[in-house]
Structure formats: C-alpha cells, structure tokens
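The values are calculated or read from the model by the stated rules, or taken from the named source; none is laboratory data. Remember, it's a predicted structure, so these values are computed and weren't measured experimentally. Counting neighbours? That spans all protein chains shown, and the Cβs are built from the backbone with ideal geometry, glycine included.
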C-alpha cells in the first residue's frame, strides 16, 4: 500500500502542474485500508495532450483509458507504467481502484484489472486527477492475506 500511495503521489508531482499542490489521505480499518491522492491540476487529458503523439485526444474518457495502459505517458511511449503493477498487487487484496479526471470516472476491482474493462461513470466536471484505492481483508480462510 505504501508503494502504491508513493507511486500515485509521484505521478501527481510529475504530471499535474497543480497550482495548489496535492492532497493525500489514508485510513486504516480492521477490515480495510483506503487511500486517496488528488490534485487540482490540468487532468489526464491536459497532461497527455502536451505530447505530440496525443494532441488529437478530445475527451477525458479517451485520455484516462489510454493512461491506464502500460507505456503511455506525456513523457513519451514507454515511460508510463500504466498502473499495471498496482492492479496486480490489488488482485490478492480484494482491491478496488477508482480513477477520476475531468468528467469521467473509471472504477475497477483487483480481480478484473484490465484497463479497458473498468466501469465508467460520468460525474460532474472536476479539475485535476483523483485516484482512490481500497483493499479489503478477505473473509475467506484460504485466501485471507495480511493487508500491506
């Protein structure tokens, strides 16, 4: 969990260009660990469009879907890790990830961590980028693993 939170925080610092910094929060419960990282920067669409290869992106949905893939970054192809390692780690922790930028939110669980399969919702427009992660302690005795 600490590695994931650090990676998400570094992502904001590297890409957001937020005028007011970032917000990092966490909560540890007996049955779950949650954290969120949020900024009020330019969002995923604004960030990716600074790269010539992604200048034609028009909608936050397309930018977010693209950014969730390995190798996609405003810094060039091959630089972004696409959160894939984070998805894999969540699979064993009953995890849920929620990514929000602009007017799109993509939610996926640790058992189905393919970037193209996350559930989409379209909330009100919000500046920046927010990621929230929750890992729950398994109640199944065989798969119960300690929370990180």
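Within the range 44-53, restricting attention to residues that are in a helix (DSSP H, G or I) and in contact with a helix residue (DSSP H, G or I) (Cβ under 9 Å, 6 or more places away or on another chain), the residue that is surrounded by the most Cβ atoms within 10 Å (Cβ to Cβ) is 44. If you go through the range 89-122 and keep only what is part of a helix (DSSP H, G or I), surrounded by fewer than 20 Cβ atoms within 10 Å (Cβ to Cβ) and at pLDDT 65 or above, you end up with 89, 116, 117. Looking at 11, 56, just one residue is over 18 Å from residue 132 (Cα atoms) and either at pLDDT below 85 or assigned to a loop (DSSP other than H, G, I, E, B) (or both), and that residue is 56. Among the residues of the range 73-88, not one is part of a loop (DSSP other than H, G, I, E, B), at pLDDT 65 or above and touching a strand residue (DSSP E or B) at 6+ places or on another chain (Cβ under 9 Å).
On inspection, residue 23 fails the criterion of being in a helix (DSSP H, G or I) and touching a strand residue (DSSP E or B) at 6+ places or on another chain (Cβ under 6 Å).
Screening residue 13 on (1) surrounded by fewer than 20 Cβ atoms within 10 Å (Cβ to Cβ); (2) within 15 Å of the chain's Cα centre (by Cα); (3) under 26 Å from residue 109 (Cβ atoms) shows it passes everything except condition (3). Considering the conditions (1) closer than 25 Å to residue 95 by Cα; (2) not in a loop (DSSP other than H, G, I, E, B), residue 30 is excluded by exactly one of them, (2). As a summary of the residue check, residue 41 satisfies the conditions (1) at pLDDT below 90; (2) in a loop (DSSP other than H, G, I, E, B); (3) under 18 Å from residue 100 (Cα atoms) except for the one numbered (1).
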